[in-house]
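A short write-up of the structure that comes next.
The values are calculated or read from the model by the stated rules, or taken from the named source; none is laboratory data. Being a predicted model, the structure only gives us computed values, none of them experimental. All Cβ positions, even for glycine, are placed from backbone atoms using ideal geometry, and neighbour counts span all protein chains on display. Surface accessibility is based on the protein's heavy atoms, side chains included, excluding ligands, DNA and RNA. Shrake-Rupley method; radii C 1.70, N 1.55, O 1.52, S 1.80 Å.
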Amino acid sequence: MVADFNVAKSPKDIAFYASLLAAAFPICQMMTIMYWSRLSDRIGRRPVLMIGLLGYLVSFLMFGICRSFYWALFARCINGLLAGNVAVIKSVFAEISDDTNRPRMMALLPL
């Protein structure tokens, strides 16, 4: 995909630009995950989960149809910025489980 963008001049550059695309998501997620957690405490878990899922949908569609590297990077950043679902889902699992089933619920998180 990165080679098709014609942004890299050599095969080494392809790996560099691919790693930029891969790193954009967790960096942007790290910047906003605490805000999503606070927002879920204020307005509720369900609206935040729905906003996050809608954000995933839009950003994955943007990433799938992009024709340039910079649009792909923008889509990955949007994906990371709207990825507050991880912390919110952990909160939901902790709230709906008790001591008898909490280890089993937390084991489902990586799925």
Sorted by accessible area (1.4 Å probe), largest first, how do Trp36, Trp71 line up? Trp71, Trp36
Enter the angle in degrees (range 0 to 90, nearest 10) between the Cα long axis of helix 11-43 and the first principal axis of the Cα atoms of the chain, meaning the one along which they spread out most. 30
Taking all protein chains as present, what is the carbon and sulfur share of the accessible area of the chain, in % to the nearest whole number, probe 1.4 Å? 68
Relative contact order, percent, of the stretch 48-111 when contacts are C-alpha pairs under 8 Å separated by at least 6 residues? 34
Result for the chain: accessible area per residue, probe 1.4 angstrom, in square angstrom, of 68
Helix 45-65 versus the longest principal axis of the chain: what is the Cα-based angle in degrees, 0 to 90, to the nearest 10? 20
Any chance you could look up the accessible area of Ser91 with a 1.4 Å probe, heavy atoms only, rounded to 10 Å²? 40
Which residues qualify? For Gly84, with a placed amide H closer than 5 Å and at least 5 residues away or on another chain, they are none
Take Ile43 and Leu57, extend 7 Å from each Cα along the Cα→Cβ direction, and tell me the distance between the two endpoints in nm. 1.6
Label-point separation in nm, Ala8 to Ala22, each point 7 Å along Cα→Cβ: 1.1
Helix 85-96 sits at what angle to the longest principal axis of the chain, using alpha carbons and giving 0 to 90 degrees rounded to 10? 10
